[in-house]
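Take a look at the structure below.
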Amino acid sequence: MPRMLDVSNDVRAEIGDDEADRLLAGENAPGSYDCTSCRTPGDSDQERTSTVLFVGEETAVLAFAHATCLPSQVVQVSEEQLRGAVRSITGQGAPTHATPGQAVLGVTSGLVLVAGELHPALVVEPTGPIARPGAAGPGDDFLPLLMEQGFVPVSNVEQHAPVLPGWAVLLAGGQLHAVLQPGLGGGSPVAWWQAHQPLQVTDGWHTAATRLQQVLVLAAPVGSIGRQPREDLLREALDHAAATGRLVACRMPLSDG
């Protein structure tokens, strides 16, 4: 039966009429999916679903979102963001230039106590394994890829983490917009991670970030942290990930837009 899919004119123009019609007919669209915005499960048989096409310089990725979270649209992102942060993990049938299911980066903000002082932190955990570009098989290279960028393994959340040159956390109007990385060849910074909708941070987080002008960024492979409802539970999960060798960290300057 036809899926409850929305395909915008912009998305249709990118993927072509034939592929758009196949999606609307239910031939190539998944029934269940993880929303690319809120990252919770969705079902295109039961609820209105948006097709969202992420387009880089050379690559495009087709994703799905609850229509209540995002409208169907084309989102321009950097090629590095697509290659490094969005890897295919599941799905069948898609445009030849796109993958129907992928891991995306989940980002959670929280305050972490370091040496008796509260530090603003971002915790990054993908929704699935992150494969090295061009690698064969379902391996997870998320931590090695980050270490190549300058993140360091930490066995304790309070362990010193270096500042990454050229990287920054973009905060504007009390909302988290993006994590920026250096552009290729020394060009303008590009988004390594970008919020589909700006994320509100707490007053305490904003105050700490403004005071320190730095953000502690902690990253772990899928399944290491999870979505914790309280900061004490988040800290417990971070401590466990660090103790089991599944946590890397760095510090990034605050870019107050």
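Mind checking which residues of the range 215-245 are under 20 Å from the mean Cα position of the chain (by Cα), within 19 Å of Pro153 (Cβ to Cβ) and surrounded by fewer than 18 Cβ atoms within 10 Å (Cβ to Cβ)? Once the filter is applied, which keeps residues that are under 20 Å from the mean Cα position of the chain (by Cα), within 19 Å of Pro153 (Cβ to Cβ) and surrounded by fewer than 18 Cβ atoms within 10 Å (Cβ to Cβ), the range 215-245 yields Val222, Gly223. The set of residues in the range 9-33 being of a type outside the set (Gly, Ala, Ser) and modelled with pLDDT under 75 consists of Glu27, Asn28, Pro30.
Would you mind stating whether Thr40 is modelled with pLDDT under 85, surrounded by fewer than 22 Cβ atoms within 10 Å (Cβ to Cβ), of a type in the set (Val, Ile, Thr) and closer than 25 Å to Leu199 by Cβ? If you could, list the steps in order and put the result at the bottom.
Working: modelled with pLDDT under 85: yes; surrounded by fewer than 22 Cβ atoms within 10 Å (Cβ to Cβ): yes; of a type in the set (Val, Ile, Thr): yes; closer than 25 Å to Leu199 by Cβ: yes.
Judged against the criteria, Thr40 is a match.
In a residue-by-residue description of the range 237-257, the property of being farther than 16 Å from Val123 by Cβ, among the hydroxyl-bearing types (Ser, Thr, Tyr) and in a strand (DSSP E or B) applies to at least one position. Within the set His196, His160, His206, the sole residue that is at pLDDT 90 or above, assigned by TED's automatic domain parsing to the domain that holds Gly223 and either part of a loop (DSSP other than H, G, I, E, B) or not β-branched (Val, Ile, Thr) (or both) turns out to be His206.
Can you name the residue in the range 185-221 that is among the hydroxyl-bearing types (Ser, Thr, Tyr) and in contact (Cβ under 8 Å) with a residue 40 or more places away in the chain and, of all such residues, is nearest to Pro165 (Cα to Cα)?
Looking only at the range 185-221, we keep the residues that are among the hydroxyl-bearing types (Ser, Thr, Tyr), and these are 188, 202, 207, 210.
Among the residues that remain, those that are also in contact (Cβ under 8 Å) with a residue 40 or more places away in the chain are: 202, 210.
On the way: Thr202: 26, Thr210: 19 Å.
So, considering only residues that are among the hydroxyl-bearing types (Ser, Thr, Tyr) and in contact (Cβ under 8 Å) with a residue 40 or more places away in the chain, the one nearest to Pro165 (Cα to Cα) is Thr210.
The values are calculated or read from the model by the stated rules, or taken from the named source; none is laboratory data. Since the structure is predicted, the reported quantities are computational estimates derived from the model, not experimental observations. Don't worry about glycine lacking a Cβ; one is built from the backbone with ideal geometry, like all the others, and counts go over all protein chains shown.
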